[in-house]
1. What's the FRET efficiency of A:Asp418 with A:Ala263 using the Cβ-Cβ distance as r and R₀ = 41 Å, to the nearest 0.05?
2. Ranking request for peptides A:70-79, A:465-474, A:614-623, A:299-308: highest mean number of other beta-carbon atoms within 10 Å first, then the rest in descending order.
3. Under a point-charge model restricted to the Cβ atoms of Lys and Arg (+1) and Asp and Glu (-1), what is the dipole moment magnitude of chain A relative to its Cα centre, in debye to the nearest 20?
4. Calculate, for A:Gln300 and A:Asn582, the FRET efficiency according to 1/(1 + (r/R0)^6) with r their C-beta to C-beta distance and R0 51 Å; round to the nearest 0.05.
5. Could you tell me the relative contact order of the stretch A:95-223? Use alpha-carbon pairs under 8 Å, at least six residues apart, and round to a whole percent.
6. What order, most packed first, do the peptides A:537-548, A:413-424, A:575-586 have when packing is the mean number of other Cβ atoms within 10 Å of each residue?
7. Under 18 Å from a label point 7 Å along Cα→Cβ of A:Phe15: give me every residue in the stretch A:170-194 with its amide N that close.
8. Rounded to the nearest angstrom and ordered from largest down, what semi-axes does the equivalent ellipsoid of the stretch A:67-241 get from its C-alpha gyration tensor (root of 5λ)?
Amino acid sequence: MSIEITFPDGNVKSFDAPVTGLAIAQGISPGLAKKAAVIKVNDELWDLTRPIDRSASVSIVTRDKPEALEVIRHDAAHVLAQAVQELFPGTQITFGPATEVGFYYDFARDTPFTDADLESIEAKMREIVKRDLPITREIWPREQVLEFFQTTGERFKAEWVSEGIRPDEEISIYRQGEKWLDMCLGPHLPSTGKLGTAFKLIRVGGVYWRGDAHNAQLQRIYGVAFATDDELKAYLKQVEEAEKRDHRKLARQLDLFHQQEEAPGMVFWHPKGWAIWQAVEQYVRGVYRKSGYQEVRGPQIMDVSLWKKSGHWDNYHDNMFFTESEKRTYAIKPMNCPGHVQIYNAGLHSYRDLPIRYAEFGGCHRNEPSGALHGIMRVRAFTQDDGHIFCTLEQVEGEVTAFHQQAMQVYQDFGFDDIAVKLALRPDKRLGSDEAWDRAENALRAALRAAGVAWEELPGEGAFYGPKIEYHMKDSIGRSWQVGTMQFDPMMPERLNAEYIDEQSQRQRPIMLHRAIVGSMERFIGILIEHHAGSLPFWLSPVQAVVAPIVSDADGYAEEVCALLKDAGLRVETDLRNEKINYKIREHATQKIPVIIVVGRKEAEQRSVTLRFRGVDAQETLSLDEAVQRLKTLR
RNA sequence: GCCGGGAUAGCUCAGUCGGUAGAGCGACUGAUUCGUAAUCAGUAGGUCGCAGGUUCGAUUCCUGUUCCCGGCACCA
């Protein structure tokens, strides 16, 4: 038997017997063999130790390649599992994949792992790496695997063999050293020593077996892993930087808002935080105006019967707040759409009136599970930049493409330029027929196509009343946030009896489009704070400039400058405290004020000001008039 | 909601192996008028999250609870 191995450069080499990737690499150079992590065989990643038993085109994947990194991380998960079982006998193993920056492994053990355990586990992992145990792949018959896991008390593994793996699937077992093994698809490095030292266990958390809240609770140990120590160091540094821009921390430092026990998941906006809100709201209001929306306002609470009619009660009553008065139960609104339908229904509409676009900064309350709350990113009381468009099916495409343009402009104006568009399709729990869903999903697809954007489809992620387009934006440190949405809803008009009169004087159901660009004001402001690390752009800064006199003789002039800038529409304050200019500059720089305006005797005499811009040490002195003009252009 | 951890002055944190607490910054008062990232001195400030229990005595130990943090689940 002859095996032909084709290399990336087109060279072909014949072997008489099956040959391993390691042998091939060694045949090329010992250096390559050392750097090799896995081998790509006909576009499939294989272990270096797995014999290649047929002709194939191959390429050696060295450890510096992204594909190798995933294998390194996956290996780290297995080394973690072995370390845990060596240290804590009786702990059951389940799954442990690679993640975006590292790996995790889920364990079943009655006693919780502590931070101290994490340290000793990591030490044990390093020991296993040092032992440089060979990692070998074996194929076992299904019965043998099942029996093995049953006799070793690995209940979860055994369950997976019988419930998660198709009977005709080949089961590979990876042995790490003499005794320890795990069932795994692979591939893996040839030995534990190849893992290297660039890994670190970071935390432990609870998870559900197979991701289902009805199942047993497991403990997941998370780690990060890289090909080199430098990359690990860089990653840890980046985490530290991310912590510094935590919106909860910055809110305290910059006095933007606070939250307290009596109102969990709600926000107390301080003057400076509310100034940011106002800036965002005024901006969005301008978008409403320019794009043909009429602003409206519905009531905060409405009789529960309305929510039963709309379908919200059936789907979400566990997450709704209720209140009672005179034997009637009211729901505190979790959404604005039923209110907008009432406004629509208050008049009779001709097809000529459509589309009708309503907008509202709609305050909503949702009783989110306590464990979901997070600063102002996930709250129980929030405000949507909500809008509803009542239109005909034919008008949907035009409305969706127009919305797309508006949304993209808004994200750009706020400093976000990396936007991903996704289409969330029918969920299991839903209203309406499959035909209606086909129509709805296809209408959105057509609109996206017309808008000329690429999108990703998310099966099962749609709202119960219709599919939705989602806008995900990446922030300055690469995290993705779902903000805007455009939802197609034929159900709500039906359920709440919305109609218009068509050309033939017949009553028709309009289509309802739900749309939001920033989504939740609270969350969007949280994202803005973290994206800009608290240094908001001039137009969003709560205090845009501080006028700081050097000596008290200049106080009067400072107040004059401040008044002038306020007249020009800027948010300005004076700092007349009896402190040195150094102290004032330090403080306002720390407060991330975009412009510090210093005035001393000289400026007061010359009617000039000295400007110091955030992040720039150099100062500029210019006349008061010039300065006002200059700052006005930043607004 | 579930698993784990936490809660000490306005903020950041130390401390008490059970004998009711301390620093820095901030605040306040006074002095200082000093040209680009912290002037000096003094003063005040805490039911040690809340409720029970054990104890002669609990901020400390135990139980419960609320909220926060991390993870999972959820997210109209």
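1. Values: r = 35 Å, r/R0 = 0.84.
So, using R0 = 41 Å, E works out to roughly 0.75.
2. Values: A:70-79: 25.4, A:465-474: 22.5, A:614-623: 11.4, A:299-308: 15.6.
Order by mean packing, descending: A:70-79, A:465-474, A:299-308, A:614-623.
3. Values: 78 positive and 93 negative charges, 204 e Å.
With only Lys, Arg, Asp and Glu charged at Cβ, the dipole is about 980 debye.
4. Numbers: r = 50 Å, r/R0 = 0.98.
Efficiency, from the Cβ-Cβ distance: 0.55.
5. Details: 178 pairs, mean separation 43.6, N = 129.
Relative contact order, the stretch A:95-223: 34 percent.
6. Numbers: A:537-548: 22.0, A:413-424: 17.0, A:575-586: 13.8.
Packing order, densest peptide first, comes out as A:537-548, A:413-424, A:575-586.
7. Counting only backbone N, you get A:187-191.
8. Details: eigenvalues 131, 73, 45 Å².
Its equivalent ellipsoid spans semi-axes of 26, 19, 15 Å.
The values are calculated or read from the model by the stated rules, or taken from the named source; none is laboratory data. From a predicted model like this one, the values you see are computed outputs, not experimental measurements. Heads up, the Cβs are rebuilt from the backbone with ideal geometry, glycines too, and the neighbour counts pull from every protein chain shown. Side chains included, ligands, DNA and RNA excluded: accessible areas come from the protein's heavy atoms. Shrake-Rupley method; radii C 1.70, N 1.55, O 1.52, S 1.80 Å.
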